[in-house]
Amino acid sequence: MSERTTTPEQSEFREYCRRWLAEHRPAPPSFRLPQSPIEVMTEEQRRYLCSWEKQCYAAGLIGSDYPKEYGGGGHRGFQQIATQEMGRAGVPYMINIIGLSMAAPTILNHGTEEQKRRFLPPLFAADEIWCQGFSEPNAGSDLASVQASAVRDGDQWMVNGHKVWTSLAHFANWMIMLCRTSTAHKYEGLTYFIVPIAGAKGVTVRPLIKITGETGFNEVLFEDVVVPDHLRVDTVGKGWTVAMTTLLYERGAAEGAGSGGGVSLDERIASLIALARRMPRNGGSAWDDTLVRDRIMQLAIRAEGLRQSQRRARVEPLTDHPMRLPLQAKVQLSELLQDMAAVALEIEGAHASLYVGDAHAPDNGQWPLAYLNSYGFTIAAGSNEIQRNILGERVLGLAKSK
């Protein structure tokens with residue numbers, strides 16, 4: 001949302017967000033926070049981040065657009081402002097990213113009145129953590145091939161199956177889960193559920209160790225897990241439609257309930273410049289190399305282009321297709337972050353082999369960690385290859401690939 005096009009109420013809210021964030025920025029923790037919420041591993045990390053999100057919610061910076069009867073702020077157009085200002089302030093990110101970005105808008109659009117009132121307020125406050133149960137060992141990008149089953153037994157369902165790449169499942173109270181309830185049709189045989197995770201009988205969560213050495217991802221196994229029918233989202237057999245709503249928000253094509261904070265693109269560019277000025281090269285610094293300066297400038301241009309595309313996407317007369325800019329943003333952002341980390345490794349040279357915790361590692365080894373982590377982002381929410389297919393087929397009208 002451009003500051004030039006906001007209403008007086010929205011401008012006032014923006015100033016309030018800036019003032020509140022400046023006054024309530026949390027003290028840095030004594031322990032290391034991971035680079036994103038999907039790598040949160042320890043209980044002390046969880047407590048610190050949940051406390052911060054709860055403060056932001058109490059201040060009106062989370063769920064700002066949602067109706068008041070569901071725990072929201074009831075102010076249309078405010079969430080985007082709060083998210084922008086959290087990014088500019090460089091405050092910690094919101095830990096409940098799955099709940100805020102995917103579960104909340106899905107429940108708002110497809111849930112029952114009871115589900116909205118029960119689940120949204122504690123979700124906003126990070127009192128309950130959410131995870132997503134879509135991908136399976138044999139159904140990743142081909143989501144419609146999920147085989148985790150839900151069999152009806154009166155007013156409840158028996159869930160069995162295996163989900164994988166499940167971020168935050170080790171802390172999650174609830175999972176938004178796509179299950180097969182019929183084998184009659186690939187798409188019409190799916191139903192969407194809210195499934196209890198923490199302490200639920202028959203649920204096993206196993207951490208997956210990534211190339212970074214961190215966890216955060218998990219596999220989750222279900223063995224005769226009882227799910228009451230009132231936790232079904234929308235009608236039986238409509239799971240694919242509900243899942244498409246979730247993916248619309250996951251892929252950034254629509255605004256969720258807020259997931260701001262973290263390191264901004266501007267901060268990353270500034271860190272790259274500072275790194276180049278510090279790293280020795282040929283009797284001077286890497287910054288003295290015109291090729292290095294050009295590489296960083298190209299990244300800065302891409303970052304500014306992404307920012308302007310996001311502004312353009314909010315002005316209907318400037319969009320040739322309503323979904324093109326939002327859908328392409330995930331591809332652009334994930335690849336920009338990956339390329340930033342790659343340039344940082346080139347600047348560091350041999351020092352790039354020093355990892356987090358090494359006393360001699362530039363920037364405490366955060367750039368090698370960022371580069372390894374970047375591949376998860378290009379795969380998440382549908383791999384970038386899948387996203388390009390969607391853009392080609394649904395936006396450009398190209399023939400489907402064989």
Check: Going by how many other beta carbons lie within 10 Å of each one, how would you line up Ile97, Ile379, fewest first?
Finding: Ile379, Ile97
Item checked: Residues in the range 266-292 that a label on Ala350 would reach, taking backbone N under 15 Å of a point 7 Å out along Cα→Cβ -> 280-283
Margin query: So if I restrict to the alpha-carbon atoms in the range 64-110, what is the Rg, and what is Dmax, the biggest pairwise distance, in Å?
Written below: 11.5, 33
Next item on the list: Using only C-alpha positions, report the orientation-averaged shadow area of the convex hull of the range 265-395, nm², one decimal.
Entry: 9.0
Notebook entry, point to check: Taking the Cβ of Asp358 as the center, what net charge do the other residues with Cβ under 14 Å away carry, scoring Lys and Arg +1 and Asp and Glu -1?
Noted result: -1
Item checked: Spacing of the two label points (7 Å from each Cα toward its C-beta) at Ala270 and Asn109, in nm -> 3.6
Notebook entry, point to check: What is the spin-label model distance, in nm, from Arg293 to Glu23 if the labels are put 7 Å beyond Cα along the C-beta direction?
Noted result: 4.4
Notebook entry, point to check: What's log10 of I(q)/I(0) for the range 1-59 at q = 0.12, 0.24 Å⁻¹, Debye sum over Cα points only, no solvent?
Noted result: -0.43, -0.98
Check: Counting only the backbone N, which residues of the range 338-378 are under 14 Å from the spot 7 Å out from the Cα of Arg32 toward its beta-carbon?
Finding: 353-373
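If we count chymotrypsin sites (Phe, Trp or Tyr not before Pro) as exposed when they sit in a DSSP loop and have at most 14 other beta carbons within 10 Å, what is the longest stretch of the chain that avoids them all?
With a cap of 14 other Cβ atoms within 10 Å, the longest stretch comes to 188-402.
So, R0 is 51 Å and r is the distance between the beta-carbons of His230 and Thr7; what FRET efficiency does that work out to, to 0.05?
FRET efficiency, His230 to Thr7: 0.85.
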Item checked: Extension reserve of the Glu43-Tyr375 stretch, reckoned as 0.36 nm per residue once the Cα distance is removed -> 117.0 nm
Checklist line | Tail beyond 31 Å, pair distance distribution of the chain (Cα, percent) | finding: 41
Next item on the list: On a 0 to 90° scale, report how tilted helix 265-278 is relative to the longest principal axis of the chain, with both axes built from alpha carbons and the result rounded to the nearest 10.
Entry: 40
Notebook entry, point to check: Looking at Val227, Leu21, Pro137, which one has the Cα that reaches farthest to the positive end of the dipole of the chain (charges on Cβ: Lys, Arg +1; Asp, Glu -1)?
Noted result: Leu21
Check: Expressed as a fraction of 2.2 N^0.38 Å, the rule-of-thumb size for a compact globular protein of N residues, what is the C-alpha radius of gyration of the range 17-125?
Finding: 1.07
Margin query: Which three numbers, in whole Å and largest first, are the semi-axes of the equivalent ellipsoid of the range 131-250 derived from its Cα gyration tensor as √(5λ)?
Written below: 22, 17, 12
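Here, each number is a calculation from the coordinates, and none is a lab measurement. What you see is a predicted model, and the numbers here were worked out from it, not measured in a lab. Using ideal geometry, Cβ is built from the backbone for each residue, glycine included, and neighbour counts are taken over all protein chains shown.
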